[in-house]
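**Student:** Submitted below is the structure of interest, expressed as structure tokens.
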Amino acid sequence: MKSGLVVEDQPLLAEWLTATLEACFEGIGVRHAASVGAAMKAIEAERPDIALVDLGLPDGSGVDVIRRLARQEGCHIVVTTIYADDQHLFPALSAGAHGYLLKDQPREQTLQALRGIAAGEPPLSASIARRLLRVFNEPAREAATALSPREREALSLIAKGYKIADVATGMAITQNTAREFIKSVYRKLKITSRAEATLEAARLGLVNPHL
């Protein structure tokens with residue numbers, strides 16, 4: 001690792017994360033960006049080998065930074081955040097993040113997780129790893145196989161970020177019918193959010209989470 005980028009708007013945390021990268025990778029040069037806009041400019045100036053990205057930034061979401069970084073091969077993208085909920089976790093991973101670390105874990109755990117990158121180990125906080133294992137080790141839901149072809153089509157569009165009007169247009173149906181399809185999908189899959197819909201669509205092979 002020769003170059004690193006820390007995307008963090010809190011100065012003390014930015015210093016802590018910079019010092020952490022320097023402790024993990026001898027001789028690494030670390031740049032800092034405190035906003036989405038500054039991060040985009042930093043990425044244009046020099047592609048980092050590793051990036052630690054906060055999700056809650058003053059001018060937008062770190063997920064946008066992750067998407068930009070994911071377009072460049074060879075960059076290890078690690079989320080560093082306080083958010084451990086599905087609404088933040090799955091969109092970040094779907095955008096292209098390779099790891100997800102919580103800021104409140106002990107420093108030694110963060111160091112160990114980042115050093116594991118060299119051995120091909122994804123840097124994940126223990127609670128996040130347990131969450132992912134539980135989700136992906138669950139037996140396939142019978143409800144998922146019960147989705148009709150049109151419901152699967154609606155699910156794929158929702159997972160791609162389409163709004164109700166766009167789903168209706170894409171499926172050549174009315175908006176009311178589109179809503180009914182989506183309600184049926186959510187009911188059958190026992191989900192309540194777009195983030196969960198995206199995860200289910202990826203599990204069913206309806207979308208590529210890295211696009």
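The values are calculated or read from the model by the stated rules, or taken from the named source; none is laboratory data. Note that this is a predicted model, so its numbers are computed, not measured. Cβ coordinates were reconstructed from backbone atoms using ideal geometry, including for glycine residues, and neighbour counts include every protein chain displayed.
**Student:** For residue 49, are the conditions met, namely being acidic (Asp, Glu) and over 18 Å from residue 9 (Cβ atoms)?
**Tutor:** It is true that residue 49 is acidic (Asp, Glu) and over 18 Å from residue 9 (Cβ atoms).
**Student:** Restricting attention to the stretch 160-177, which residues are under 14 Å from residue 150 (Cα atoms) and aliphatic (A, V, I, L, M)?
**Tutor:** 167, 168, 171, 172, 173, listed by residue number.
**Student:** Grab the helices (runs of 4 or more DSSP H) fully contained in the stretch 140-211, keeping just those with 1 or more residues being at pLDDT 80 or above.
**Tutor:** Of the helices (runs of 4 or more DSSP H) lying wholly inside the stretch 140-211, those with at least 1 residues that are at pLDDT 80 or above span 149-159, 164-171, 175-189, 194-203.
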